[in-house]
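> I'd like to ask some things about the structure below.
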Amino acid sequence: MEKGEFILLDGYTLTPEQLVRLGQGGLKLGLTELAWKRVKAGRQVVDSVLDRGQTAYGINTGFGNFANVTISSENLAKLQENLIRSHAAGVGQPLSPERTRMLLALRANVLAKGHSGIRPETLQQFLDAFNLSCLPQVPCQGTVGASGDLAPLAHLALGMMGEGLMWDPADGQYKAAKEVLTAHGLRPIVLGAKEGLALINGTQLITALGAEAVVRAQRIAAQADVVACLTLEALKGSVRAFHPYIHAARPHSGQQQVAHRMRCLLHSSSHPSEVSQSHRNCGRVQDSYTLRCIPQVHGVVHDTIEFVRNIIATEMNSGTDNPMVFCDEDPLHDEDPSFNGYGDATHHHEIADSEYFNTHNSADESSGFIISGGNFHGEYPAKSMDYLAIAIHEISSISERRIERLVNPALSGLPAFLTPDGGLNSGFMIAHCTAAALVSENKGLCHPSSVDSLSTSAAKEDHVSMGGYAARKALQVVEHVETVVAIELLAACQALEFLRPLKTTVALEDLHSLVRTCVAEWSGDRYMAPDIEEAKRLLRENKVWETVQQHLTAFAPVQLPHAPAAPAEGAEGAEGV
């Protein structure tokens, strides 16, 4: 829920786009009133365990292979502190401040569900640190993605305890965490029972990076549709392959969406493309696949991104702790609420094993139960990140092939490498090599991380997701795709210069003008890397999409009539259907 400069977390409705905005700074965090009630109720359940002297995993036992070791009451705080310190064993480059904000905000959103058993005052300290941008240093490597992202989240919690390093918003430098907290009027967190475990058990690193990856993938894929239209115009391609009947006959959602966009951008009844009219009777029958099959190739990318987005959005608003705390009022609409996870209720050896406790028969407000489960396993976001990398890579793969057609005079009919005075000038020769190099790198990065698993924690955690690396790789692939599409955008704009004075459609002329506001036409060779970065910036800021968006309602999508129903079984003509 957004309220002015605040996003109020409720544990159920945070979107990937909101999380990315939270990472960028400028927005503050709070909790809804109902979320605070759930947090308080969850903590009361934990406190009732301690009051009754019961044993429950993670509250008064060791962790992992030490789950059967009971911890005395005087050592409960030490237990949680030791957990954070020992698990803060990550390595590698620290997350950027933007990604650390996302990680912190996402963990707060999970805590807001009330299934973690954290004290409200501890969660408030998390929110206060976020709102002041006091950000613990979190190394990017060290998670195997089950039991959650333990190492990265332990570093996040360690800084909040006043240990390790913390990013100081005053000067953008990492300093002693306690020093930064004190300088900004904050105090280190003192952990209570279960709170160390509540802060580190979950998939928030995979999911935070995944949210950024899916938002950026969605943006670059949509803008790649637009850039492809400009390339098709510059190469004097045919629009007949985008006829609505063709795509209604194979009604994949993404394919139809891309074809519709291309029809809108390549046609204008009031200002038709002079480029298109110039080759209307050229006699060429059909184009290469990289032009003719744009809707089919780009379309499945859009559909995959949407599939991944749904997984990430669900994971962002999921309880991923272990054990999980439930209150009596937590509804179970589709199951028998009397089910306790053990079948015959007379068998209580699991309680002794610290897996489950139940206070339903108590008269106080803290009645509820705690169950150990496996929601911390990162397989869902891990698999989705591998899917995303494979899908979005295809945009760069086909984009690089279109760049080849633009710079190759045998395929384009344009000057070699899109430069006047070829030989003296090399033009886009090496820009194309850069695109090819990134596409080749992507092929390696697209090998799925989640097909691997290594047993850890003395075989207690004997299957893991490797989701942290899957998410980091997916972001690298998205970054490469942005660069390749930026090169295609520059090449297509340069190719259009050789077709002047002919004009393309209004939408594509607007796009050409946008690029020319920051990247001039090439009349000869110049330092090209800054131009690629400028084009990439336009794409990262979604400027290409915003420029043409108003033109994308020119045609209503066309649907073919429904296919006739199959004959009923036994009716004439039914045999062999």
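> Regarding Ser273, is this residue open to solvent by 10 Å² or more (accessible area, probe 1.4 Å) and touching a residue at least 40 places away in the same chain (Cβ under 8 Å)? Write out each step before concluding.
Values: open to solvent by 10 Å² or more (accessible area, probe 1.4 Å): no; touching a residue at least 40 places away in the same chain (Cβ under 8 Å): yes.
No, not satisfied.
> In this structure, is Ala495 at pLDDT 95 or above, open to solvent by less than 70 Å² (accessible area, probe 1.4 Å), over 30 Å from Arg250 (Cα atoms) and of a type in the set (A, V, I, L, M)? Full working, then the answer.
Working: at pLDDT 95 or above: yes; open to solvent by less than 70 Å² (accessible area, probe 1.4 Å): yes; over 30 Å from Arg250 (Cα atoms): yes; of a type in the set (A, V, I, L, M): yes.
Yes, satisfied.
> Answer yes or no: is there a residue in the stretch 212-224 that is open to solvent by 10 Å² or more (accessible area, probe 1.4 Å), of a type in the set (S, T, N, Q) and touching a residue at least 40 places away in the same chain (Cβ under 8 Å).
yes
> Could I ask something else about it? Tell me the residue from Val506, Val558 that is modelled with pLDDT under 95, in contact with a His (Cβ under 7 Å, 6 or more places away or on another chain) and open to solvent by 20 Å² or more (accessible area, probe 1.4 Å), please. Explain how you work it out, then say what you get.
Values: Val558 fails: in contact with a His (Cβ under 7 Å, 6 or more places away or on another chain).
Answer to the check: Val506.
> With respect to Asp525, is the statement that it is surrounded by fewer than 20 Cβ atoms within 10 Å (Cβ to Cβ), in contact with a Gly (Cβ under 8 Å, 6 or more places away or on another chain), of a type in the set (Asp, Glu) and farther than 14 Å from Thr231 by Cβ true? Spell out the reasoning first.
On the way: surrounded by fewer than 20 Cβ atoms within 10 Å (Cβ to Cβ): yes; in contact with a Gly (Cβ under 8 Å, 6 or more places away or on another chain): yes; of a type in the set (Asp, Glu): yes; farther than 14 Å from Thr231 by Cβ: yes.
For Asp525, the condition - surrounded by fewer than 20 Cβ atoms within 10 Å (Cβ to Cβ), in contact with a Gly (Cβ under 8 Å, 6 or more places away or on another chain), of a type in the set (Asp, Glu) and farther than 14 Å from Thr231 by Cβ - is met.
> So, one more: Hey, can you tell me all the residues within the stretch 445-466 that are of a type in the set (Ser, Thr, Tyr) and within 17 Å of Ala67 (Cβ to Cβ)?
Across the stretch 445-466, the qualifying residues are Ser455, Thr456, Ser457.
> Open to solvent by less than 60 Å² (accessible area, probe 1.4 Å) and part of a loop (DSSP other than H, G, I, E, B): does that describe Gly58?
Working: open to solvent by less than 60 Å² (accessible area, probe 1.4 Å): yes; part of a loop (DSSP other than H, G, I, E, B): yes.
Criteria met by Gly58.
> Has the stretch 431-448 got any residue that is surrounded by 14 or more Cβ atoms within 10 Å (Cβ to Cβ), modelled with pLDDT of 95 or more, in contact with a His (Cβ under 8 Å, 6 or more places away or on another chain) and part of a loop (DSSP other than H, G, I, E, B)?
Within the stretch 431-448, one or more residues are surrounded by 14 or more Cβ atoms within 10 Å (Cβ to Cβ), modelled with pLDDT of 95 or more, in contact with a His (Cβ under 8 Å, 6 or more places away or on another chain) and part of a loop (DSSP other than H, G, I, E, B).
> Scan the stretch 291-320 and report the pairs whose first residue is crowded, with 24+ Cβ neighbours inside 10 Å and whose second residue is of a type in the set (D, E, K, R), with Cβ atoms within less than 6 Å and a gap of 6+ or a chain change.
Filtered contacts from the stretch 291-320: His298/Asp225; Val301/Glu394.
> Next question, about the same structure. For the stretch 527-536, check the following and say yes or no: at least one residue is of a type in the set (Asp, Glu), touching a residue at least 24 places away in the same chain (Cβ under 8 Å) and in contact with a Leu (Cβ under 9 Å, 6 or more places away or on another chain).
yes
> Please verify whether Asn281 is open to solvent by 70 Å² or more (accessible area, probe 1.4 Å), free of Cβ contacts under 8 Å to residues at least 24 places away in the same chain and under 30 Å from Gly196 (Cα atoms), treating the condition exactly as stated. Give the steps one after another, and end with the answer.
On the way: open to solvent by 70 Å² or more (accessible area, probe 1.4 Å): yes; free of Cβ contacts under 8 Å to residues at least 24 places away in the same chain: yes; under 30 Å from Gly196 (Cα atoms): no.
Taking the combined requirement at face value, the residue does not satisfy it.
> Cβ-Cβ below 8 Å, separation at least six or inter-chain, first residue in the stretch 13-38 and touching a residue at least 12 places away in the same chain (Cβ under 8 Å), second open to solvent by 70 Å² or more (accessible area, probe 1.4 Å) and among the aliphatic types (A, V, I, L, M): which pairs?
Filtered contacts from the stretch 13-38: Thr13/Met1; Thr32/Met1.
> Could we say that Leu8 is over 20 Å from Asp321 (Cβ atoms), of a type in the set (A, V, I, L, M), open to solvent by 10 Å² or more (accessible area, probe 1.4 Å) and in contact with a Ser or Thr (Cβ under 6 Å, 6 or more places away or on another chain) here?
Details: over 20 Å from Asp321 (Cβ atoms): yes; of a type in the set (A, V, I, L, M): yes; open to solvent by 10 Å² or more (accessible area, probe 1.4 Å): yes; in contact with a Ser or Thr (Cβ under 6 Å, 6 or more places away or on another chain): yes.
It is true that Leu8 is over 20 Å from Asp321 (Cβ atoms), of a type in the set (A, V, I, L, M), open to solvent by 10 Å² or more (accessible area, probe 1.4 Å) and in contact with a Ser or Thr (Cβ under 6 Å, 6 or more places away or on another chain).
> Considering the stretch 378-396 alone, what residues qualify as being under 13 Å from Ala217 (Cα atoms) and of a type in the set (Gly, Ala, Ser)?
Of everything in the stretch 378-396, those that are under 13 Å from Ala217 (Cα atoms) and of a type in the set (Gly, Ala, Ser) turn out to be Ser384, Ala389, Ala391, Ser396.
The values are calculated or read from the model by the stated rules, or taken from the named source; none is laboratory data. Worth saying up front: this structure is predicted, and the values here are computed from it rather than measured. Because the Cβ atoms are built from the backbone with ideal geometry, glycine has one as well, and the counts that use them run over all protein chains shown. Note: areas computed on protein heavy atoms with side chains; ligands, DNA, RNA excluded. Shrake-Rupley method; radii C 1.70, N 1.55, O 1.52, S 1.80 Å.
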